[in-house]
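The values are calculated or read from the model by the stated rules, or taken from the named source; none is laboratory data. It should be emphasised that the depicted structure is a prediction, and the values quoted were computed from it without experimental measurement. Cβ atoms come from the backbone with ideal geometry, glycine included; neighbour counts cover every protein chain shown.
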Amino acid sequence: MEISKDLYEAILNGDAKKAHAATEAALAAGAAPMQLIQESMVPAMDEVGRLFEAEEYFVPELLLAGRAMKSAMELIKPLLSASGQQMRFRIVIGTVKGDLHDIGKNIVASMLEGGGFEVIDLGSDVSPESFVAAVKDRNPQVVCMSALLTVTMPAMKLTLDALETAGVRAQVKVLVGGAPVTQQYAREIGADGYSENASGAVGLVRNLLAAA
Amino acid sequence: MSMTTPVTRSFAAPAISHLDQLRFGISPRPLTCGLGLIIGAGTVFPEVNFTLPPLTIDDATWIDVKAHYEEMAQHILRRATALAVPGIVLEFELLPAMTERPEWGAEITAILKRHLTAVHQKHQLPCALRVTPTDIRDQHKPPLLRTGEPWLRLRRSLELCAEAGADILSIESIGGKEVHDQALMFGDFPGIAFALGILAPRDMAWLWSEIVSICVAHPSVVAGADSACGFANTAMQLAHQKMLPEVLAAVVRAMSAVRSLVAFAQGAVGPSKDCAYEGPIIKAITGCPISMEGKSASCAHFSPVGNIASAMCDLWSNESVQNVRLLSGNAPEAFTELLAYDCRLMNAASAHGGALALRDWMTASDEWLSPQAAVLSPAATLRIAGAIVSEETPYRQTIAAGRAALDIVKEGVAAQKLHLSRKEHQWLDRIASALDELPAEEASLIATLEEQYGGLYDKASYGL
């Protein structure tokens, strides 16, 4: 459908205004909100992800595409809520306690959003208690934790312990990442997954949720 | 002995104007500090930087934390004396928890100074301790830079570390980063220019007047310098990961020199921070000695400037290494050896009249393999330094530095020395257009970007 193609192109080119306009036009023409997500937005972001993987896109192009998708979602979300629908999967993400670095986490959050997930970004320096509260209150399927310092990595384990103690560990998949974090460390602390880069994180989330 | 006075200096002309004067080991304004150390007077010294392995820092582990620092200092100085280094600087970069609780940072400072004093007394080793508290002022959104508990703790940390034995105070300040992070990630050049040319210099001027005043109150402490680590090194690392264009990282590096220069305008005397790859530009303009890091800092991060980074250094650093076991020994000791041999080679070259040749080989080996290296050559350094001093305000200086860096990269491409991918070429053109479109006056840029970035920063923190 031509209007959906406009939205696809607008997201691919990172043009938020055009994405907004194309969404408005599509909805006015009778397109179903979920159809726009599934047929235009997610495929566009998949292509953006592919171009990024192929080193044809840098992060700015990726984030601009995510911003364009967000501008379209501003129109679509209220319609989904009104019809009792919601995004299929929800992810809580944050940089762990004691760590103020958030660029990597922001990139992952943006890519996950672009991948069609609802992302709740808790920010940086997030305590185990805040992660637990977010899991209880927002009911996500996935929790992503980031750390850039070797001395804040242990907060990942503390957070996992807190989720366990609160009795909510089994209801979420927990992913970890950040410069000093390794696959081995992820295994040692009992995380469900590790990705060494942002684009890998999206694939990892999809695989984990598909297997769940 | 402190040479620091709280004066505001301006730099109408570079302290170094001739290429042959811009080389490792020599600075027009050598610095005496610590225990008999003179930096920039002909000899390159290792600056060893070290940190903890994965370890939670709290009351329960504090005894283990101290034991690590005792061990690291002992091992580093053992290797330094075994290799007969002519002098050494230890850098203690506080971890956030150690700045949050200033007494902790001071306690580690005292431990390290005790080790340095002992080795100085026993072996007459010239040495100094650089202490770098964490800039923890970004805890609130937007960050409050001049008021509030984080600033008070940071200031207290600086004071206590000065009292506890620091010889050089430094910081990697974050003023402007709240805007720069977002602008960089979106490749938004006006936002980058705003952060680097307007916000960061304003915070630097305020923060460094404070740091210099602390050093004046502690006469044995030198006001070292700052680093654009949170700005240009972020760009460098993201470029390394193919997340940002290298040409953008190269231009950001040159532009970031202006905000780092502000520390010297406020009375800092160096040595500049090791991770401040903009250091050569600072050295060319101020004549103050600089610390640099490159190939021997791969324990901390990768870079495309491993050799060229040492071409103009006065201290040569490893950036940061964890206290973990290697086959040879613990990593801080192993990296002390690496640095010691790097410095030996540079100092032997100087002793045999080969310093310029070695400088040029180190330059040539990297220069045209990356745009980020291209803007770090001695010739590029002088050109960017000249562009900066040709303008009067930090904003205009920042734009001038960006233009100079862009021209250097473009000329390298045109001469077919520097080869860029198609995507990098596109970004080169994009940056050129963005630079051309920047308004001449900073007030105009501030107004233009108010809607986009106004919510990210606290105006009072920047005197706006």
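Being under 19 Å from B:VAL222 (Cα atoms) and of a type in the set (Ser, Thr, Tyr), is that true of even one residue in the stretch B:139-149?
Filtering the stretch B:139-149 for residues under 19 Å from B:VAL222 (Cα atoms) gives none.
Checking the stretch B:139-149: not a single residue is under 19 Å from B:VAL222 (Cα atoms) and of a type in the set (Ser, Thr, Tyr).
Six or more apart or on different chains, Cβ under 9 Å: which pairs go from a residue in the stretch A:95-121 that's away from every other protein chain (no Cβ under 12 Å) to one that's aromatic (Phe, Trp, Tyr)? Could you list them?
A:GLY116/A:PHE89; A:PHE117/A:PHE89; A:GLU118/A:PHE89
Of all residues in the stretch A:168-181, count the ones that are surrounded by fewer than 19 Cβ atoms within 10 Å (Cβ to Cβ) and over 23 Å from A:ALA210 (Cα atoms).
Qualifying residue count for the region: 2.
Tell me whether the stretch B:32-48 contains one or more residues that are part of a strand (DSSP E or B), at pLDDT 95 or above and within 19 Å of B:GLY329 (Cβ to Cβ). Break it down into steps so the answer makes sense when it comes.
So the first thing to find is which residues in the stretch B:32-48 are part of a strand (DSSP E or B), and the list is B:32-33, B:35, B:37-41, B:45-48.
If we keep only those that are at pLDDT 95 or above as well, we get B:32-33, B:35, B:37-41, B:45-48.
Filter again for within 19 Å of B:GLY329 (Cβ to Cβ), leaving B:46, B:48.
Scanning the stretch B:32-48, I find at least one residue that is part of a strand (DSSP E or B), at pLDDT 95 or above and within 19 Å of B:GLY329 (Cβ to Cβ), so the answer is yes.
Please count how many residues of the stretch B:276-295 are surrounded by 24 or more Cβ atoms within 10 Å (Cβ to Cβ), out of contact with any Gly (no Cβ under 7 Å at 6 or more places or on another chain) and more than 18 Å from B:ALA128 (Cα to Cα).
11
Report those helices (runs of 4 or more DSSP H) wholly inside the stretch B:234-322 carrying at least 1 residues which are of a type in the set (Phe, Trp, Tyr), in contact (Cβ under 8 Å) with a residue 40 or more places away in the chain and more than 14 Å from every other protein chain (Cβ to nearest Cβ).
On the way: elements: B:234-240, B:246-265, B:279-286.
Here the list reads B:246-265.
Quick check: anything in the stretch B:288-304 β-branched (Val, Ile, Thr) and closer than 26 Å to B:ALA387 by Cβ?
Within the stretch B:288-304, the subset β-branched (Val, Ile, Thr) is B:290.
Now drop any that are not closer than 26 Å to B:ALA387 by Cβ, which leaves B:290.
Yes - at least one qualifying residue is present in the stretch B:288-304.
Can you name the residue in the stretch A:173-212 that is among the aliphatic types (A, V, I, L, M) and under 16 Å from A:ALA109 (Cβ atoms) and, of all such residues, is modelled with the lowest pLDDT? If you could, list the steps in order and put the result at the bottom.
Step one: filter the stretch A:173-212 for residues among the aliphatic types (A, V, I, L, M), giving A:174-176, A:179, A:181, A:186, A:189, A:191, A:198, A:201-202, A:204-205, A:208-212.
Of the ones still in play, those that are also under 16 Å from A:ALA109 (Cβ atoms) are A:174-176, A:198, A:201-202, A:204-205.
Values: A:VAL174: 97, A:LEU175: 96, A:VAL176: 96, A:ALA198: 79, A:ALA201: 88, A:VAL202: 85, A:LEU204: 90, A:VAL205: 91.
Ranking the candidates gives A:ALA198 first.
Taking the options A:ALA155, A:ALA147, name whichever one is under 25 Å from B:THR234 (Cα atoms), more than 19 Å from the chain's Cα centre (by Cα), small (Gly, Ala, Ser) and surrounded by 20 or more Cβ atoms within 10 Å (Cβ to Cβ).
On the way: A:ALA147 fails: more than 19 Å from the chain's Cα centre (by Cα).
Answer to the check: A:ALA155.
Would you confirm, using the coordinates I've provided, whether A:LYS157 is more than 18 Å from A:LYS97 (Cα to Cα), at pLDDT 95 or above and either in contact with a strand residue (DSSP E or B) (Cβ under 8 Å, 6 or more places away or on another chain) or within 13 Å of chain B (Cβ to nearest Cβ) (or both)? Steps first, please.
On the way: more than 18 Å from A:LYS97 (Cα to Cα): no; at pLDDT 95 or above: yes; either in contact with a strand residue (DSSP E or B) (Cβ under 8 Å, 6 or more places away or on another chain) or within 13 Å of chain B (Cβ to nearest Cβ) (or both): yes.
No.
Based on what the data block shows, is B:SER461 more than 23 Å from the chain's Cα centre (by Cα) and assigned to a helix (DSSP H, G or I)?
Details: more than 23 Å from the chain's Cα centre (by Cα): no; assigned to a helix (DSSP H, G or I): yes.
For B:SER461, the condition - more than 23 Å from the chain's Cα centre (by Cα) and assigned to a helix (DSSP H, G or I) - is not met.
Return a yes/no flag: does the stretch B:76-83 have any residue that is closer than 27 Å to B:LEU338 by Cβ, assigned to a helix (DSSP H, G or I) and among the charged types (D, E, K, R).
Kept after step one, since they are closer than 27 Å to B:LEU338 by Cβ, are these residues of the stretch B:76-83: B:76-83.
Among the residues that remain, those that are also assigned to a helix (DSSP H, G or I) are: B:76-82.
Now restrict to residues that are among the charged types (D, E, K, R): B:78-79.
Yes, the stretch B:76-83 contains at least one residue that is closer than 27 Å to B:LEU338 by Cβ, assigned to a helix (DSSP H, G or I) and among the charged types (D, E, K, R).
Suppose the filter is modelled with pLDDT of 95 or more, under 25 Å from B:ILE308 (Cα atoms) and of a type in the set (Gly, Ala, Ser); does B:ALA400 pass it? Walk me through how you get there before you give the answer.
Numbers: modelled with pLDDT of 95 or more: yes; under 25 Å from B:ILE308 (Cα atoms): yes; of a type in the set (Gly, Ala, Ser): yes.
Judged against the criteria, B:ALA400 is a match.
From the list B:GLU178, B:GLU103, exactly one residue is over 26 Å from B:PRO332 (Cα atoms) and in contact (Cβ under 8 Å) with a residue 40 or more places away in the chain. Which is it? Please lay out each step first, then the result.
Numbers: B:GLU103 fails: over 26 Å from B:PRO332 (Cα atoms).
None of the others qualify; the one that does is B:GLU178.
Which residue is farthest from the other protein chains (Cβ to nearest Cβ), if the candidates are limited to the stretch A:32-63 and must be of a type in the set (S, T, N, Q) and surrounded by fewer than 23 Cβ atoms within 10 Å (Cβ to Cβ)?
A:GLN35
Just wondering, is there one or more residues in the stretch B:19-38 that are on the phi > 0 side of the Ramachandran plot, surrounded by fewer than 24 Cβ atoms within 10 Å (Cβ to Cβ) and among the small types (Gly, Ala, Ser)?
Here is the first cut: in the stretch B:19-38, the residues on the phi > 0 side of the Ramachandran plot are B:25, B:34, B:36.
Subset that is surrounded by fewer than 24 Cβ atoms within 10 Å (Cβ to Cβ): B:36.
Still in the running and among the small types (Gly, Ala, Ser): B:36.
There is at least one residue in the stretch B:19-38 that is on the phi > 0 side of the Ramachandran plot, surrounded by fewer than 24 Cβ atoms within 10 Å (Cβ to Cβ) and among the small types (Gly, Ala, Ser).
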